[in-house]
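Structure record follows, encoded as structure tokens.
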Ligand code: ATP
Ligand code: AMO
């Protein structure tokens, strides 16, 4: 039979064996009429295939066929593995294939909208080449996103989405080990769950409806239904109306909701152990992926403490004030002050991951529990990586009359959330939780500059295709 082999597993141990590989024809280099070098790529692995008429291995026709292939065509190569005398430059695998047969099973168009080699180049390499007077092609973000299925073929991009999957895996397995149950809440709902502004409205069989801005109402109703600890991994929709580097109109939310016995610190303890577990896993088990990402997008490893730093909002405000940043002690932090605080925290505590809690009640959603000792503050928190928010969370108001009053005070039409409020009228218990933006976690862990890089087919205000 034929021996199918992954390009990534081709090594000297397979010397003299006949193998069959499948991959993208990355480059073809003709040497005279009788010889050609073909580099074939799959995922992040590349191998050099040699076609030569000399020893009668292939026909001149076959060499010609190889040279006429369009880049990125899908090919199958049947041949013998050899180990060259000299180390091979430019491919990941340190063996070659002496080609016997070459088939093209999926032709690419002759002129690509972007070359994968161009798309895979680091900014550093481009600048380095420019110093020497060589102008290399820089592929801009619109070209990348318009041709995302090509852009995603680069090694760094392949690695980013494998890493993202690992974050999901660890999120799930950690929470399962802590007795959380995974749930799926509806994405078609009757009203806004996070306030009105950024909601996608639609028609639901003649009735007005919304795409869920979060699983907030239903994850809490799951607790009203007797579940004590739940999590969800699912899409979240926000009709963001401006373009930023960290907002998408559709993102993947990692949500948690849990019973509280005595204090919302029980929720913070889950955040702490969950994220330390995720970061440790990425650093220990995903080294190859991080290396691949680093080659194109160099970044310093995230600095985090084994016990996550916990700061109160008041302490944060004081740090900012002491550093001369003008700030409203009962207002929300803006992007700039969040970044500034991130830098101050790093200088003082040597961590780029921390929890800021006890936010002013006025800047938090209506369902947030006020602090018992001071109603100006709330049992709420945000979590930051490298000075940018990845998580919001809080203890919730589980007392239906207070919840109604808080919603009304925010101008929310209570009739649209009566099922949610009523769910707390049948025996409720203290609870809290949080929501994480998956794309932000991967973006910030890897020090990437734009959230579109960590969304497979990003949705922003200007992009609904592909
Ligand atoms: P969350 O949804 O938890 O609020 P977020 O990261 O969007 O997460 P916001 O509280 O909405 O955070 O915003 C924090 C700051 O980010 C705002 O004060 C504002 O400066 C900035 N910001 C938020 N949304 C936008 C936007 N669409 N365009 C530009 N800046 C924004
Ligand atoms: P919040 O609105 O802060 O909280 O969202 C939670 C987390 O989701 C991510 N996020 C986004 N990611 C990409 N694009 C966006 N437009 C976007 N908006 C938010 C952020 C943010 O920290 N119901 C609460 C959570 C809770 O209290 O349980 C909520 O939705 O990483």
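Exactly one residue out of 442, 414, 436 is in the same structural domain as residue 368 (by TED's automatic domain parsing) and in contact with a strand residue (DSSP E or B) (Cβ under 6 Å, 6 or more places away or on another chain), and it is 436.
With respect to residue 230, determine if the residue is within 16 Å of ligand 1 (Cβ to nearest atom) and within 30 Å of residue 177 (Cα to Cα). For residue 230, the condition - within 16 Å of ligand 1 (Cβ to nearest atom) and within 30 Å of residue 177 (Cα to Cα) - is not met.
Residues that are without any contact (Cβ under 8 Å) to a residue 12 or more places away in the chain and either surrounded by 15 or more Cβ atoms within 10 Å (Cβ to Cβ) or not in a strand (DSSP E or B) (or both) do not occur anywhere in the stretch 72-84. Only a single criterion out of (1) more than 14 Å from ligand 1 (Cβ to nearest atom); (2) more than 26 Å from residue 266 (Cα to Cα); (3) at pLDDT 95 or above is not satisfied by residue 326, namely (3).
Put simply, of 101, 54 the only residue that is within 22 Å of residue 3 (Cβ to Cβ), exposed (fewer than 14 other Cβ atoms within 10 Å of the Cβ), touching a strand residue (DSSP E or B) at 6+ places or on another chain (Cβ under 8 Å) and assigned by TED's automatic domain parsing to the domain that holds residue 26 is 101.
Just give me the residues in the stretch 233-246 being farther than 12 Å from residue 188 by Cβ and within 14 Å of ligand 1 (Cβ to nearest atom), in sequence order. Hits for the stretch 233-246 are 236, 238, 239, 240, 241, 242, 243, 244, 245, 246. Please determine whether any residue of the stretch 290-310 is buried (at least 17 other Cβ atoms within 10 Å of the Cβ), in contact with a strand residue (DSSP E or B) (Cβ under 9 Å, 6 or more places away or on another chain) and without any contact (Cβ under 8 Å) to a residue 40 or more places away in the chain. Taking every residue of the stretch 290-310 in turn, none turns out to be buried (at least 17 other Cβ atoms within 10 Å of the Cβ), in contact with a strand residue (DSSP E or B) (Cβ under 9 Å, 6 or more places away or on another chain) and without any contact (Cβ under 8 Å) to a residue 40 or more places away in the chain. Counting only residues that are part of a loop (DSSP other than H, G, I, E, B), within 24 Å of the chain's Cα centre (by Cα) and away from ligand 2 (no atom under 16 Å from the Cβ), the stretch 323-378 holds 1 of them. Among the residues in the stretch 109-119, are any under 23 Å from the mean Cα position of the chain (by Cα), in a helix (DSSP H, G or I) and surrounded by 19 or more Cβ atoms within 10 Å (Cβ to Cβ)? Checked against the condition, which is being under 23 Å from the mean Cα position of the chain (by Cα), in a helix (DSSP H, G or I) and surrounded by 19 or more Cβ atoms within 10 Å (Cβ to Cβ), the stretch 109-119 yields at least one hit.
Scan the stretch 150-163 and tell me whether some residue there is in the same structural domain as residue 432 (by TED's automatic domain parsing), under 30 Å from residue 432 (Cα atoms), surrounded by 12 or more Cβ atoms within 10 Å (Cβ to Cβ) and in contact with a strand residue (DSSP E or B) (Cβ under 7 Å, 6 or more places away or on another chain). No; the residues of the stretch 150-163 include none that is in the same structural domain as residue 432 (by TED's automatic domain parsing), under 30 Å from residue 432 (Cα atoms), surrounded by 12 or more Cβ atoms within 10 Å (Cβ to Cβ) and in contact with a strand residue (DSSP E or B) (Cβ under 7 Å, 6 or more places away or on another chain).
Taking the stated definitions as given, is residue 180 away from ligand 2 (no atom under 15 Å from the Cβ) and crowded, with 19+ Cβ neighbours inside 10 Å?
Working: away from ligand 2 (no atom under 15 Å from the Cβ): no; crowded, with 19+ Cβ neighbours inside 10 Å: yes.
So residue 180 fails the test.
Taking residue 427, is it away from ligand 2 (no atom under 14 Å from the Cβ), loosely packed, with under 14 Cβ neighbours inside 10 Å, on the phi > 0 side of the Ramachandran plot and at pLDDT below 95? Taking the combined requirement at face value, the residue does not satisfy it. Only one of the numbered conditions (1) crowded, with 16+ Cβ neighbours inside 10 Å; (2) under 22 Å from residue 155 (Cβ atoms); (3) modelled with pLDDT under 95 is not met by residue 89, and that is (1). When residues in the stretch 252-273 are screened for being out of contact with any helix residue (DSSP H, G or I) (no Cβ under 7 Å at 6 or more places or on another chain), buried (at least 18 other Cβ atoms within 10 Å of the Cβ) and assigned to a loop (DSSP other than H, G, I, E, B), 1 of them pass. Close Cβ contacts (under 7 Å, 6 or more residues apart or on different chains) running from residues in the stretch 227-248 that are within 30 Å of residue 427 (Cα to Cα) to residues that are near ligand 1 (Cβ under 8 Å from one of its atoms) and outside any loop (DSSP other than H, G, I, E, B) are absent.
The values are calculated or read from the model by the stated rules, or taken from the named source; none is laboratory data. Treat the numbers as computed from the prediction; the structure is a model and nothing was measured. Positions of Cβ are backbone-derived with ideal geometry, glycine not excepted, and every protein chain shown enters the neighbour counts.
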